[in-house]
Amino acid sequence: MLEHCRTQQELWGGVNRTLDGWFEARKQLLVEYAALCQRLDEQDSPALKARLRRFCQSLMDYVSAGHFEIYEQLQTESKRYQDEEALVMGYRLYKQLENCTELVLEFDQRYTSLDDLSNLTQDLSKLGLCLERRFFVEDSMVNIMHEAHREQAA
């Protein structure tokens, strides 16, 4: 029984640390987004291009971590607790992220080269709305697939 408790704490603590790191990356992404938006009038500036390059990298890192680490861990956790309802809801929420993921990939492709920044303002605006929706959906996934098991893990 003690071994089971230890395993549960390690599992729960590991997921919590991973989520904490991911939420910290989200905060940093938002800081970079805001800094980039404040410099849009300097489109030929090397500083703006450097910020844009960093932002694209952070954006791709964040989205990749979600798809290849976080969502997978949430799914594994729901399976471990045999929470079929959470798995179904998680899948539905995950499907809602697909359009935003496509937009993120297009944004990264368009702006990694830094060749044409003429539509950057409009594209950042669209991306901002997409990210706002993405964060809401991701938070819902965490609440349904992770936080719902807090009492079972205790």
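The values are calculated or read from the model by the stated rules, or taken from the named source; none is laboratory data. Remember, predicted model here, so these are calculated numbers, not experimental data. FYI the Cβ positions are ideal-geometry reconstructions off the backbone, even for glycines, and counts take in every protein chain you see.
With the condition kept exactly as written, say whether any residue in the stretch 40-52 is part of a helix (DSSP H, G or I), within 23 Å of the chain's Cα centre (by Cα) and at pLDDT 95 or above. So far as the stretch 40-52 goes, yes, one or more of its residues are part of a helix (DSSP H, G or I), within 23 Å of the chain's Cα centre (by Cα) and at pLDDT 95 or above.
To keep it simple, each residue is scored yes or no on (1) within 22 Å of GLU32 (Cα to Cα); (2) in contact with a Ser or Thr (Cβ under 6 Å, 6 or more places away or on another chain); (3) surrounded by 14 or more Cβ atoms within 10 Å (Cβ to Cβ).
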{"site": "LYS79", "(1), (2), (3)": "no, no, no"}
{"site": "GLU84", "(1), (2), (3)": "no, no, no"}
{"site": "LEU93", "(1), (2), (3)": "no, yes, yes"}
{"site": "VAL104", "(1), (2), (3)": "yes, no, yes"}
{"site": "THR112", "(1), (2), (3)": "yes, no, no"}
{"site": "ASP116", "(1), (2), (3)": "yes, no, no"}
{"site": "PHE136", "(1), (2), (3)": "yes, no, no"}
{"site": "ASP139", "(1), (2), (3)": "yes, no, yes"}
{"site": "ASN143", "(1), (2), (3)": "no, no, no"}
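Cβ-Cβ distances below 9 Å connect the following pairs, each with a first residue in the stretch 23-45 that is basic (Lys, Arg), a second residue that is in a loop (DSSP other than H, G, I, E, B), and a separation of six or more residues or different chains: ARG39/SER45. Condition check for LEU120 on (1) surrounded by 12 or more Cβ atoms within 10 Å (Cβ to Cβ); (2) more than 18 Å from ALA35 (Cβ to Cβ): one failure, at (2). Taken over the stretch 64-82, residues that are in contact (Cβ under 8 Å) with a residue 60 or more places away in the chain, farther than 13 Å from MET141 by Cβ and assigned to a helix (DSSP H, G or I) amount to 1. Candidates are the residues of the stretch 46-63 that are touching a residue at least 24 places away in the same chain (Cβ under 8 Å) and charged (D, E, K, R); the one that is nearest to GLU138 (Cα to Cα) is ASP61. Residues that are farther than 13 Å from MET141 by Cβ and among the basic types (Lys, Arg) are absent from the stretch 83-96 altogether.
Only residues that are outside any helix (DSSP H, G or I) and either under 14 Å from ARG51 (Cβ atoms) or hydroxyl-bearing (Ser, Thr, Tyr) (or both) were counted across the stretch 103-128, and they come to 4.
When GLU106, GLU84 are screened for being modelled with pLDDT of 95 or more and of a type in the set (D, E, K, R), only GLU106 passes.
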